[in-house]
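Chemist: Let me begin by handing over the structure; questions about it come next.
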Amino acid sequence: MSDAILFAVEEGMARLTLNRPARLNAFNADLAHAWKEATAEATSRPDVKAILIDASGPAFCAGGDVIDMATTMGASGSEITALAEVINAGIRSLTESTVPVVAAAHGTTAGGGLGILLSSDYAVVGSRSKLGSLYANIGLTPDLSVSAQLARAVGQRRALQLVLQDRLLSAAEAVEWGLVAEAVAGEDAAAEAAPSCALVARRSRGSGSREQPTPTARRSGSCVRSRSVPSWSS
C-alpha cells in the first residue's frame, strides 16, 4: 500500500490516516488508489471492529488536487471521472459496511473532503476547524458523494446554502447544522476520537462473525440509519 495513506490495525481498530500533508491531503491518483485499497481491506478483515479516519498535517482533506490533475491528466475529463470513481469505490466500502466508522477532522475540510467526512457514522472536529464546499470556486459541481450525503446530513436547503454560497462553517456551526457530531477543544480531534473508537472495537471483539451488509445498511451523514452500534461514551 502507498504511503499516501498510513494504515494500521491494533486491538480491533483500523486507523486510516490521509498522508499528503504538503497538499492538504488533496486526492491525486496515488492517494485515490491507496484510499480504495485501504478501505476495502479495513471493511473486509474479520479482526477489524471499528475504523478511525484521520489525517496528517495542517488539514483533514482539501478534496481533489486540481493542480496535479491539470498537469497529469488529459483535457477531456475522462481521466478525472475515472479517478473520482476510484475514490467513490472507497466511500462505498465504508457506507455499505456494517463496521462503525469514526472520522476525526482538523483544520480545513473542503470539496470532496466533505464526502470522506460524511462517509463516517460519527464525525469529530477540532474547535478551530472550517468545513465547506468550495466547488464553485473552481467551477465544479459537488462530487465524491457530497451531493447526496450533504443533503441527508443537514437538509436540502442548508446543503444548497453551503454549496451555492461557498460558505465555510466553523466547528460550532457544523455541530449546530448536524454536519458533525461534536467539536473538541484544540485541533487534535484524532486524539479525542481514538479512545472512543477503540472502545467500540473492544466491545465488538469476540461477538462472532460480522453481520453482512444489506442494501438498507446505509449511512446518512454522521448517523447510522439501519443498525445499532455500541455507545460512543465510556
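Chemist: According to a simple spin-label model (label point 7 Å from Cα along Cα-to-Cβ), what is the distance in nm between Ala70 and Ala22?
Modeler: 1.9 nm
Chemist: If you don't mind, there's one more thing I want to ask. Subtracting the Cα-Cα distance from 0.36 nm times the residue separation, let me have the gained length for Ser127 to Ala40 in nm, one decimal.
Modeler: On the way: separation 87, 0.36 × 87 = 31.32 nm, distance 3.08 nm.
That pair, Ser127 and Ala40, stretches by 28.2 nm at full extension.
Chemist: Evaluate the Kirkwood expression for the hydrodynamic radius of region 5-224, namely the inverse of the mean inverse distance over all pairs of different C-alpha atoms, and round to one decimal in Å.
Modeler: Value: 17.2 Å, from the Cα pair sum.
Chemist: Further, regarding this structure: Just to confirm a number: summing +1 for Lys and Arg and -1 for Asp and Glu over residues other than Val124 whose beta-carbon lies under 9 angstrom from that of Val124, what do you get?
Modeler: On the way: positive: none; negative: Glu182, Glu192.
So the surrounding residues net to -2.
Chemist: Along Cα→Cβ, 7 Å out, is where each label goes; now give me the distance between the ones at Thr81 and Asp30 in nm to one decimal.
Modeler: Placing both labels 7 Å along Cα→Cβ, they lie 2.8 nm apart.
Chemist: Placing one identical point scatterer on every Cα of region 51-160 and ignoring solvent, what is log10 I(q)/I(0) from the Debye formula at q = 0.10, 0.24 Å⁻¹?
Modeler: -0.29, -1.50
Chemist: Let me ask something else. Assuming R0 = 22 Å, what is the FRET efficiency of Thr98 and Glu11, from their Cβ-Cβ distance, to the nearest 0.05?
Modeler: Taking R0 as 22 Å, the efficiency between Thr98 and Glu11 is 0.70.
Chemist: Tabulate in residue order the Karplus-calculated ³J(HN,Hα) for region 157-169, using 6.51 cos²θ - 1.76 cosθ + 1.60 with θ = phi - 60°, rounded to whole Hz; enter x for Gly and Pro.
Modeler: Values, residue by residue: 5, 5, 4, 5, 4, 5, 6, 6, 8, 6, 7, 9, 7 Hz.
Chemist: Considering only region 5-224, what is the antiparallel percent among its DSSP beta bridges, to the nearest 5?
Modeler: In region 5-224, DSSP labels about 35 percent of beta bridges as antiparallel.
Chemist: Determine ³J(HN,Hα), in whole Hz, for all residues of region 180-191 in sequence, where each value follows from phi through the Karplus function 6.51 cos²θ - 1.76 cosθ + 1.60 and θ = phi - 60°; x replaces Gly and Pro.
Modeler: Result, rounded to whole Hz: 10, 7, 7, 10, 10, 4, x, 10, 8, 5, 5, 5.
Chemist: Just to compare against my own numbers: the Cα pair-distance distribution for region 1-54, 5 Å bins, whole % per bin, please.
Modeler: Reading upward from the zero bin: 5, 23, 31, 22, 13, 6, 1.
All of the numbers you see were taken from the coordinates with simple rules; none came from a lab. This structure is a prediction, so every number in the text was calculated from the model and none was measured. All Cβ positions, glycine included, derive from the backbone under ideal geometry; neighbour counts span all protein chains shown.
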